[in-house]
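Following: one structure in structure tokens, then a few remarks.
Nothing in this text is a laboratory measurement; each read-out follows from the coordinates by a stated rule. Given the structure is predicted, the values throughout are model-derived calculations rather than measurements. A quick note on method: Cβ atoms are made from the backbone with ideal geometry, for glycine too, and the neighbour counts reach across all protein chains shown.
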Amino acid sequence: MSFNIVVCVKQVVDPDTPSAAFNINQDKLSVIPADGIPPVVNGYCENAVEAALKIKDSIPDTTVTVVSIGTNFIMDVIKKPLSMGADKMILVDDPNLESLDPFSTTKILSSVISKISDYDLIICGQHASDWDNAHVPMGISETLNIPCLNSAREIDIKPNEITIKSSIPDGYITLKSSLPALVTVSNEIGEPRYPTLKGIMQASRKTPEKLSFENIDIKISDLSPKMTLVDLALPVSNSKCEILEGEDDADSGKLLALKLRESKII
Amino acid sequence: MSDILVLAETENNYLHSTAGELIAAGRKLADELGNQVCAVITDDVDESSFKNLIHLGADKVYVISHAELSKGNIDAFVSYLEQICIQINPNVILTSRTYMGRNIGARIAYRLESGVAQDCIDVEIDKNSSRVIATRPVYGGNAVARFTFNQDDPQVIILRVKSFDSNEIDTTRNGSIEKLNISIDNDAIKLKLIETVKEESEGIRLEDAPVIVAGGRGLGGPEPFKQLEELANIFDGAVGASRAVCDAGWMDHAFQIGLTGKQVAPDVYITVGISGASQHMAGCLGSRNIIAINNDADANIFKDASYGVVGDWEKVLPSFTEAVRDLLKS
Ligand SMILES: Cc1cc2nc3c(=O)[nH]c(=O)nc-3n(C[C@H](O)[C@H](O)[C@H](O)COP(=O)(O)OP(=O)(O)OC[C@H]3O[C@@H](n4cnc5c(N)ncnc54)[C@H](O)[C@@H]3O)c2cc1C
Ligand SMILES: Nc1ncnc2c1ncn2[C@@H]1O[C@H](COP(=O)(O)O)[C@@H](O)[C@H]1O
């Protein structure tokens, strides 16, 4: 059985950027990437690649195609899925995408994916750590009219059928649907594998296929943002922390307890 | 009439706690716009729940029923909401950022080709356009964004759990309860629910605990969590964890608190060896008091905590626990 998986991957600002290095461009209402901290592949997208590669491990005749939409791709960053073991990569890199909104992203991704013939499964991250939208995957499944299985912690593929364990707060739900389908994953699917030396060598020889809007029959006028960002600000913290300091750490612990009692917190 | 439609979730035959939160948010919008709050609920609940929705602030209750809805099939919910929207043409749809709500909200928005804002912590009406302005943390909480919708019909808002307080129950409120007859296309139900497996650990649920003691990577391994449990037990509270802890396998993912874990708002949230990354704080900022034990005076957690100790938890925690035990005895 040959099996075609599309994985949607986004390049994002490193979420481990310290809060202190976080700055906003008020004219463009955008986040200024911190100096010297390169972008990364969104964490859950790496989990999505891992999920695809696990399937490839069990179904050898599997092709994993990674798709990403954006601008200013850093090749060393965005090619990581290839060095992990993905087969192909498609990048839609168009200057019009500078301030890409999730509704347009959904439209473009759906259009690119529907041009990949015979896809069996789309795997997405559960959410992207930049704008925390967490709805592009649901948008793709609605646009392509295919089943949407969320928050998979385990994926099982049978001919023409997918079963997942979907994480809920106090356990899991076993969900099943026909293929093609779309699945979202989070870190619960398992740690992304490290690129091997061989993988890195192979990836260095692969060139991502680059598409612009003309290649995918999308016109700027087709895109409708649906929402407008009116304000972007750093969060304000209104708490002032009182630090209890005793003679030593043990004493401080005791003082903390007394303070909480005195303030009627406990 | 363009109403505010609220998806009231149920749990074990009763209203889920988020139903009241959604109605409170819906009321805020409806009172400004001069329209009504309509709650949609499945019929697999105690009859009193319908009235409760009205007492919490709803004007109308629409009851829907289908075996797949009772099972929690998201496809069924999306199809039902689609049909309801065709009938009543709401201005706003509100769901909660629960497992169900965050998926249903996003799906119905795309089904209706509308906009959707995930994880909102506040909503208000823009005086000029009469459309909703949604406030939502972005970049894991490192920034806060406000968005307006470019179109009505409907504006879909997915509300962060515990970001609104339910209104007081008002038993004098009146409203209508209507069973809706809706037929949906069975082909639209593509998901099959095979089984739901609860893995709930014994003890009090994190979401219900008045006191939570949460541990982070600073604890260095799984064993210290026994000490956190000891402290939590004094308060009849519960133990939570950061994602770093769950990813390391020290605790199960069910204990994870944060943006992608559970959202909690206890009276007291005590963190031990947690740095206070914005993604973690997203799950506990609603707590009345945040207390921190961390050996790094510059750790982010001290920005959000009201009391803390800068020190090694191995020394601080035992004496803190002992003192708490003594104080609560007397
Ligand atoms: C999309 C996304 C979603 C996320 N969702 C979540 C989420 O839901 N929940 C979550 O928690 N995180 C989440 N994170 C991860 C988050 O960004 C942080 O990486 C994580 O919260 C860090 O966990 P920590 O505080 O335990 O570890 P660290 O950041 O490593 O902090 C450990 C702390 O312990 C202190 N320490 C060390 N030794 C001692 C000692 N002996 N005594 C006292 N203190 C000590 C250190 O000073 C440090 O401050 C998410 C990240 C992303 C990108
Ligand atoms: N620009 C993009 N390119 C490729 N995939 C994307 C893009 N934006 C979102 N996705 C996919 O959708 C998931 C959720 O993203 P979001 O809805 O933006 O939070 C991501 O983990 C990706 O799998």
Between B:Leu191 and residues 5 or more places away or on another chain, which pairs have amide H atoms under 5 Å apart, with H built 1.01 Å from N, and which residues are they? B:Asp75
Cβ-defined net charge surrounding A:Ser177, 11 Å radius [Lys, Arg +1; Asp, Glu -1]: +1
Filter the cross-link list A:Lys158/B:Lys71; A:Lys79/B:Lys71; A:Lys79/B:Lys192; A:Lys259/B:Lys303; A:Lys10/A:Lys198; A:Lys240/B:Lys127 down to pairs whose alpha-carbon distance in this structure exceeds 30 Å. A:Lys79/B:Lys71; A:Lys79/B:Lys192; A:Lys240/B:Lys127
Given axes a ≥ b ≥ c from the Cα gyration tensor, I'd like to know whether segment B:206-329 is rounded (a/c under 1.5), prolate (a/b larger than b/c) or oblate. rounded
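How would the protein assembly as shown be classified by its alpha-carbon gyration tensor: rounded, prolate or oblate, with rounded meaning a/c under 1.5 and the a/b versus b/c comparison settling the rest? Kindly include the intermediate steps, with their values, before the conclusion.
On the way: a/c = 1.57, a/b = 1.15, b/c = 1.36.
Cα axes put the protein assembly as shown in the oblate bin.
Can you give me the relative contact order of chain A as a percent, contacts being Cα pairs under 8 Å and 6 or more apart? Let's see the in-between values first.
Working: 466 pairs, mean separation 59.7, N = 266.
That works out to 22 percent.
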Taking Cα pairs under 8 Å and at least six residues apart, what relative contact order does chain B come out at, in percent? 14
Just rank B:Leu7, A:Leu53, fewest to most, by other beta-carbon atoms within 10 angstrom. A:Leu53, B:Leu7
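Let me know the mean shielding of B:133-141 by other chains, meaning the per-residue number of their Cβ atoms within 10 Å of its Cβ.
Numbers: counts 3, 2, 2, 3, 2, 8, 15, 8, 3.
Per residue, the average neighbour count from other chains is 5.
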What residues have an amide H closer than 5 Å to that of B:Val6, excluding those fewer than 5 places away on the same chain, when H is modeled at 1.01 Å from N in the peptide plane? B:Cys38, B:Ala39, B:Val40, B:Leu94
Listing A:Tyr194, B:Tyr80, B:Tyr269, A:Tyr119 by rising number of other beta-carbon atoms within 10 angstrom, fewest first, gives A:Tyr194, A:Tyr119, B:Tyr80, B:Tyr269
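Can you give the mean number of other chain Cβ atoms that lie within 10 Å of the Cβ atoms in peptide B:195-201?
Values: counts 6, 7, 7, 5, 6, 3, 1.
Partner Cβ neighbours, averaged per residue: 5.
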Tilt, helix A:249-262 to longest principal axis of chain A (alpha-carbon atoms), in degrees rounded to tens, equals 80
Segment B:137-148 - phi-based ³J(HN,Hα) in whole Hz, Karplus 6.51/-1.76/1.60, Gly and Pro as x: x, 10, 6, x, x, 6, 8, 10, 10, 10, 10, 10
Mean separation of Cα contacts under 8 Å, 6 or more apart, over the residue count of segment B:109-256: relative contact order %: 16
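Neighbouring Cβ atoms within 10 Å as the yardstick, rank A:Val230, B:Val144, A:Val66 fewest first. Walk me through the numbers before you get to the answer.
Details: A:Val230 13, B:Val144 18, A:Val66 28.
Starting with the residue having the fewest Cβ neighbours, the order is A:Val230, B:Val144, A:Val66.
If you take each beta carbon of peptide A:9-19 and count the beta carbons of other chains within 10 angstrom, what is the mean?
Details: counts 0, 0, 0, 1, 3, 0, 6, 3, 3, 4, 10.
Average neighbour count from other chains, rounded to a whole number: 3.
Counting only helical runs of four or more DSSP H residues, what would the 222 nm mean residue ellipticity of chain A come to if each run contributes -39,500 (n - 2.57) and the total is spread over all its residues? Numbers along the way, then the final one.
On the way: 7 runs with 71 residues, N = 266.
Value at 222 nm, helices only, nearest 500: -8000 deg cm²/dmol.
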What is the local net charge at B:Arg111, summed over the other residues whose Cβ is closer than 11 Å to its Cβ (Lys, Arg +1; Asp, Glu -1)? -3
For segment A:191-199, Karplus-derived ³J(HN,Hα) couplings (6.51, -1.76, 1.60; θ = phi - 60°; whole Hz; x for glycine and proline) come out as 4, x, 6, 7, x, 8, 4, 4, x
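With a/c under 1.5 counting as rounded, go ahead and sort segment A:3-223 into rounded, prolate or oblate using the C-alpha gyration tensor (a ≥ b ≥ c being the square roots of the eigenvalues; past the cut-off, prolate if a/b is larger than b/c, else oblate). Mind showing how you got there, number by number?
Details: a/c = 1.36, a/b = 1.32, b/c = 1.03.
Judged from the Cα gyration tensor, segment A:3-223 comes out rounded (a/c under 1.5).
Going through segment A:1-108, which GluC sites (Glu not before Pro) have at most 15 other Cβ atoms within 10 Å and a DSSP loop state?
Values: sites: A:Glu46, A:Glu50, A:Glu98; in loops: A:Glu98.
Hits after loop and neighbour filter: A:Glu98.
Ranked highest first by the average count of other Cβ atoms within 10 Å around their residues, in what order do B:277-285, B:46-54 fall? Show your work: numbers first, answer last.
Values: B:277-285: 24.6, B:46-54: 18.7.
Listed from highest to lowest mean packing, they are B:277-285, B:46-54.
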Amide H to amide H, which residues 5 or more places from B:Gly115 or on other chains are under 5 Å from it, using H placed in the peptide plane? B:Val156
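Per DSSP H run of n ≥ 4, the term is -39500 (n - 2.57); total these for chain B, divide by its residue number, and report the mean residue ellipticity at 222 nm rounded to 500 deg cm²/dmol. Intermediate results must be reported in sequence, preceding the final value.
Details: 10 runs with 97 residues, N = 330.
Using -39500 (n - 2.57) per qualifying helix, the result is -8500 deg cm²/dmol.
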With θ set to phi - 60° and the Karplus curve 6.51 cos²θ - 1.76 cosθ + 1.60, what are the ³J(HN,Hα) couplings of segment B:244-259 in order, to the nearest whole Hz, using x for Gly and Pro? 4, 5, 5, 5, 6, x, 6, 9, 5, 4, 5, 8, 5, 10, x, 3
Can you give the local net charge around A:Leu232? Use residues other than it whose beta-carbon is closer than 14 angstrom to its beta-carbon, Lys and Arg +1, Asp and Glu -1. -2
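Taking N as the number of residues in chain B, what value does Rg over Cα atoms divided by 2.2 N^0.38 Å take? Kindly include the intermediate steps, with their values, before the conclusion.
Details: Rg = 21.5 Å, N = 330, 2.2 N^0.38 = 19.9 Å.
So chain B has a normalised radius of gyration of 1.08.
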Where does each of A:33-43, B:302-312, A:211-221 land if you order them by average Cβ count within 10 Å, highest first? B:302-312, A:33-43, A:211-221
For chain A, built as a Gaussian network whose Cα springs stay under 10 Å, the top-fluctuating residue of A:Pro195, A:Pro208, A:Pro235: A:Pro235
Just B:Glu11, B:Glu195, B:Glu314 to compare: in a GNM of chain B, with alpha carbon springs under 10 Å, which one fluctuates most? B:Glu195
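Using a Förster distance of 25 angstrom, determine the FRET efficiency expected from the C-beta separation of A:Ala233 and B:Asp298, and round it to 0.05. Before the final figure, lay out each step's value.
Numbers: r = 23 Å, r/R0 = 0.91.
Efficiency, from the Cβ-Cβ distance: 0.65.
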